[in-house]
Every structure is written in C-alpha cells, then in structure tokens.
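Novice: One structure is given below, represented as structure tokens, and several questions about it will come after.
The values are calculated or read from the model by the stated rules, or taken from the named source; none is laboratory data. Nothing here was measured: the structure is a model prediction, and the numbers come from that model. Reconstructed Cβ throughout: ideal geometry from the backbone, glycine too, with neighbour counts over all protein chains shown.
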Amino acid sequence: MESLRPALLEWFRQNRRDLPWRRTRDPYHIWLSEIMLQQTQVATATPYYERFLARFPTLAALAAASVDDVLAEWAGLGYYRRARYLHAGAQAMVRDHGGVIPSDPEVFGALPGVGRYTVGAVLSMGFGAALPVLDGNVARVLSRWAMAPLAIKRPEDARLLWGMAEALVPGAERGDETHRDAGDWNVALMELGATVCTPRAPACERCPVATWCRARAAGRVAEFPPVPEARATESLRRAVALFEANGRVLVTRREGSMLTGLWEMPGVDLEQDMGASPPLRRALGSLGVTDVSLADTGLRVTHTITHHRIEVEVWRGTWTGKRPRASSKLVWADADAREHALTALARKVVEAARG
Ligand code: SF4
C-alpha cells in the first residue's frame with residue numbers, strides 16, 4: 001500500500017484530464033459536477049455545468065431560483081430528480097448552514113439527495129476530508145486489484161467494497177480526519193477506472209498499479225468484477241397528442257413517479273392491444289381539452305428510460321371548437337427554448353413530427 005498510493009497519485013498528477021470542475025476547490029462547484037456526473041458522461045455534462053454555473057453562480061443564487069428555472073437549465077440531462085435535490089439542498093444550506101456546504105459529513109449527508117458517495121466526493125475534494133468514494137469505476141478497480149468477486153449492485157458486496165475503499169484513503173490508517181491527498185486519491189481511483197481500467201479491454205500494459213493487481217497477475221482480469229443478472233426490459237405503449245400553433249406545442253406537467261414536474265405533450269399509457277383514440281380523448285378531457293379531432297400520424301417514437309422501452313404513437317390534434325386557455329397544468333411551449341423543461345421524449349416527438 002505504501003508504494004501503491006504514490007504510484008497512483010503520481011500517475012494521476014501527470015495524466016489528469018483538465019476538466020472545469022477540477023480547476024476549483026469550491027465545494028458548491030464540486031457538488032454540482034458530482035451530481036451531474038452521476039448519470040451523465042463528461043462530454044455531455046461539461047456544457048451543462050458551465051451554463052448552470054453561469055446562471056446560478058452561488059448556492060444563494062440557486063436557492064433563490066424557482067424550481068422551474070432550475071429544471072429548465074437541466075433539461076436534456078435526464079434524471080431530473082438530481083436537479084430537484086440540488087435546488088432543495090441549496091435552499092437548506094442557505095436556510096440552515098449560512099449558505100455554505102457543511103464540512104461535517106453527518107450534517108452534509110443529511111441534506112436532500114446527498115448520499116455516501118456525494119459526501120465522500122465533495123468533502124474530500126473540497127475540504128481534504130479522509131473519506132472514501134465508491135462508484136462503478138472504483139468498484140471495478142477494487143474488484144480487480146483484490147481479485148474479489150464483488151459487484152457494486154449487490155448490497156452485501158457494496159458494503160465490502162465501501163470497506164475496501166475506506167481502508168485505502170490516505171490518512172485512514174492513522175484515523176486522520178483530513179489528508180491533503182484524500183481528494184486527489186479519490187479522483188485518481190475514479191480516473192483510473194474511467195480511462196485505463198475500463199470495463200472491456202482494460203489497458204493493463206500502461207496501468208500505473210499493475211504490479212499490485214491480483215487479477216492481472218492471475219491472468220483473470222476479464223472475470224472481475226462479476227456481472228449480476230441484468231434486469232429485463234419492460235415494453236410499454238403510450239399515445240400522445242401533438243397540438244402545434246405558431247411554432248409552439250401544447251404541453252402539460254407530468255405527475256407520478258417518473259419525471260414529475262417536467263413538461264410533455266398530453267398523453268396516456270396504453271395496454272398492448274388497446275385502441276389509442278378513446279383513452280387519449282379522455283386524458284385530454286381531464287385537462288379541459290375538448291372539441292378536438294385526433295388523427296394518427298403513423299409516427300412511432302421509441303424511447304428508453306431506465307429499464308422501460310416505450311413505443312409512443314403520435315396523434316395530431318386540431319381544434320374543432322375554442323382553444324383552451326393556458327393554465328398551471330397546460331402551456332404552449334417553445335420546444336427550442338429552455339423556458340420550459342421538456343422531457344427528452346417530448347423533444348423526440350417534436351423532432352420526429354417536424355421531420
Ligand atoms: S492491471 Fe489491469 S485490471 Fe489491474 S487495475 Fe490495472 S488496468 Fe485494472
């Protein structure tokens with residue numbers, strides 16, 4: 001361990017990717033980047049990160065914004081619960097912690113949406129706290145180093161992996177609360193997993209810690225980490241009504257468990273053998289949209305979200321009577337602007353319909 005650490009840290013300092021959130025020690029900036037990167041690739045997250053900070057440069061600015069403005073800035077990144085947690089977290093920090101990220105792991109970890117990973121990442125990088133991180137990259141590296149058949153998705157394995165990560169953080173063996181290398185160490189482990197110890201075809205020949213890797217020594221790298229059984233994909237059917245006027249589309253606010261608060265054209269989930277028109281009319285009626293005619297465009301848009309594969313039938317709506325007024329549930333949105341946070345599916349439907 002005494003020579004493994006300097007080897008990895010030295011490699012990291014020479015090879016680190018120059019990313020915007022690595023040029024700062026501001027815990028707010030680090031927190032934002034960590035939340036964005038949890039389910040988003042670096043290349044996709046970077047412009048969002050820069051735009052988000054330009055719009056909400058401080059925790060106070062984020063806390064003072066409306067949740068709709070925050071969601072609109074997040075639109076297209078997916079996993080919108082992250083944006084809601086950021087907003088709620090910023091409000092709690094302004095209200096209860098003087099507008100700064102608390103450096104105490106227990107206090108920070110009690111904020112909305114802040115789990116153990118986020119605590120370790122933000123406090124080690126922002127404050128030098130000797131706390132571990134564990135994500136898919138770190139778990140893969142640890143599983144291979146130790147040749148341990150541990151998969152992060154299995155709760156019992158995750159507990160063991162956390163224990164391994166904890167023991168490796170600089171300062172941990174002496175029980176230090178902080179260490180100047182703790183943040184770099186965590187990022188180095190994640191960076192190794194992201195760029196060298198990749199899921200398929202890891203570049204062991206240029207790995208800075210190959211000497212300490214048991215799976216490599218045994219020629220069994222491909223077996224680690226074990227792959228837990230994949231969850232089956234569920235096929236769903238949905239119909240949506242597309243109303244367009246003056247370059248705007250009629251959208252309604254989603255409710256329910258997924259993507260709550262985002263905007264999407266009115267629609268309805270369908271059983272596999274069900275006709276779409278009557279339930280779609282009923283869904284429209286419940287929003288006060290009556291006196292319309294609906295025509296199947298024949299367009300089918302496929303969208304995958306978590307383990308659901310949704311086939312969406314696009315129906316064109318036209319008014320036969322008076323248009324409904326915009327309300328808190330129904331607005332005309334410019335699909336190209338960020339004024340309303342549309343779901344990725346809504347954007348796909350508009351793009352498909354516009355050819
Ligand atoms: S030697 Fe290969 S398997 Fe082992 S940590 Fe390095 S890249 Fe990963």
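Novice: Among the residues that make up segment 307-329, is at least one of them touching a helix residue (DSSP H, G or I) at 6+ places or on another chain (Cβ under 8 Å), surrounded by 11 or more Cβ atoms within 10 Å (Cβ to Cβ) and free of Cβ contacts under 8 Å to residues at least 40 places away in the same chain?
Specialist: Checked against the condition, which is being touching a helix residue (DSSP H, G or I) at 6+ places or on another chain (Cβ under 8 Å), surrounded by 11 or more Cβ atoms within 10 Å (Cβ to Cβ) and free of Cβ contacts under 8 Å to residues at least 40 places away in the same chain, segment 307-329 yields no hits at all.
Novice: Next question. So in segment 59-82, with the set limited to residues that are in contact (Cβ under 8 Å) with a residue 60 or more places away in the chain and either in contact with a strand residue (DSSP E or B) (Cβ under 9 Å, 6 or more places away or on another chain) or closer than 16 Å to residue 49 by Cα (or both), which one is surrounded by the fewest Cβ atoms within 10 Å (Cβ to Cβ)?
Specialist: 76
Novice: Has segment 128-141 got any residue that is farther than 30 Å from residue 88 by Cα and either of a type outside the set (Phe, Trp, Tyr) or at pLDDT below 95 (or both)?
Specialist: yes
Novice: Name the residue, out of 131, 150, that is outside any helix (DSSP H, G or I), in contact with a Leu (Cβ under 6 Å, 6 or more places away or on another chain), within 16 Å of the ligand (Cβ to nearest atom) and touching a residue at least 24 places away in the same chain (Cβ under 8 Å).
Specialist: When all the criteria are applied, what remains is 150.
Novice: Please tell me if residue 136 is surrounded by fewer than 18 Cβ atoms within 10 Å (Cβ to Cβ), within 16 Å of the ligand (Cβ to nearest atom) and without any contact (Cβ under 8 Å) to a residue 60 or more places away in the chain.
Specialist: In short, yes.
Novice: Could you grab the pairs with beta carbons closer than 7 Å, sequence gap of 6+ or different chains, first residue in segment 206-223 and in contact (Cβ under 8 Å) with a residue 40 or more places away in the chain and among the aliphatic types (A, V, I, L, M), second one in a loop (DSSP other than H, G, I, E, B) and more than 6 Å from the ligand (Cβ to nearest atom)?
Specialist: Going by the 7 Å Cβ cut-off, the qualifying pairs are 215/147; 215/224; 218/147.
Novice: With respect to residue 251, is the statement that it is touching a residue at least 40 places away in the same chain (Cβ under 8 Å) and more than 33 Å from the chain's Cα centre (by Cα) true?
Specialist: Here the answer is no, as residue 251 does not meet what is asked.
Novice: Moving on. Residues in segment 41-77 that are farther than 25 Å from residue 252 by Cα and within 15 Å of the chain's Cα centre (by Cα): how many?
Specialist: 8
Novice: With the requirement that a residue be in contact with a helix residue (DSSP H, G or I) (Cβ under 6 Å, 6 or more places away or on another chain) and over 18 Å from residue 29 (Cβ atoms), what does segment 56-79 give you?
Specialist: 67, 71
Novice: Another question about this same structure. Could you please give the count of residues in segment 115-126 that are among the hydrophobic types (A, V, I, L, M, F, W, C) and without any contact (Cβ under 8 Å) to a residue 40 or more places away in the chain?
Specialist: 1
Novice: If you go through segment 283-309, how many residues are closer than 19 Å to residue 353 by Cβ, part of a strand (DSSP E or B) and not small (Gly, Ala, Ser)?
Specialist: 9
Novice: If you scan segment 172-192, which residues turn out to be over 21 Å from residue 31 (Cβ atoms) and buried (at least 19 other Cβ atoms within 10 Å of the Cβ)?
Specialist: 192
Novice: Take the residues in segment 142-160 that are under 18 Å from residue 5 (Cβ atoms) and out of contact with any Pro (no Cβ under 9 Å at 6 or more places or on another chain), then tell me which one is surrounded by the most Cβ atoms within 10 Å (Cβ to Cβ).
Specialist: Only one residue tops the list, namely 145.
Novice: Residues 95, 82, 116: which one is under 14 Å from the mean Cα position of the chain (by Cα), more than 16 Å from the ligand (Cβ to nearest atom) and among the basic types (Lys, Arg)?
Specialist: 82
Novice: So which residues in segment 324-355 are assigned to a helix (DSSP H, G or I), of a type in the set (Lys, Arg) and in contact with a Ser or Thr (Cβ under 9 Å, 6 or more places away or on another chain)?
Specialist: Within segment 324-355, 348 is the sole residue that qualifies.
Novice: What do you reckon, is residue 243 at pLDDT 90 or above, within 30 Å of residue 340 (Cβ to Cβ) and outside the structural domain of residue 78 (by TED's automatic domain parsing)?
Specialist: Answer is yes for this residue.
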